[in-house]
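A short write-up of the structure that comes next.
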Amino acid sequence: MSVMSTEATQPYQRIVQDYREKIRLGRLTAGAKLPSTRELADEYGVAPGTVQRALTELRNGGLIYSHQGRGSFVSDSSGSDDQDPTTLAIKALESQVAELRARLDKLEQGGDG
């Protein structure tokens with residue numbers, strides 16, 4: 001059954017839509033921790049890579065931010081539903097910088113492996 005319909009939602013998009021909705025409806029508030037990749041993979045019956053892709057999408061949309069080793073959290077959207085692209089770009093950059101900083105810290109703590 002390799003019939004690809006345009007209606008078919010990619011598995012990662014289902015997760016993105018679910019979490020977008022939860023955040024929009026206020027079920028998840030700023031600072032709330034998202035389930036782990038493994039928990040989400042189990043919950044949705046998908047591979048961890050699929051979950052990672054969904055989290056990346058949510059991060060790029062400025063809805064969540066991630067801390068290496070601590071997990072993903074709901075961003076403080078400061079009450080604006082329609083954020084301008086500049087704000088979203090800055091948020092995406094901030095999360096990337098935070099991720100890189102965490103990686104760098106980890107490397108420096110690891111000594112000369």
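Here are the numbers for the structure shown:
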quantity: Taking LYS22, LYS33 and counting other C-beta atoms within 10 Å, the order from fewest to most; calculated: LYS33, LYS22
quantity: Dimensions (Å) - the range 11-109, Cα atoms, principal axes, largest first; calculated: 40, 34, 19
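None of the figures in this text is laboratory data; all of them are computed from the coordinates on show. This structure is a prediction, so every number in the text was calculated from the model and none was measured. Cβ: placed from backbone, ideal geometry, glycine included. Neighbour counts: every protein chain shown.
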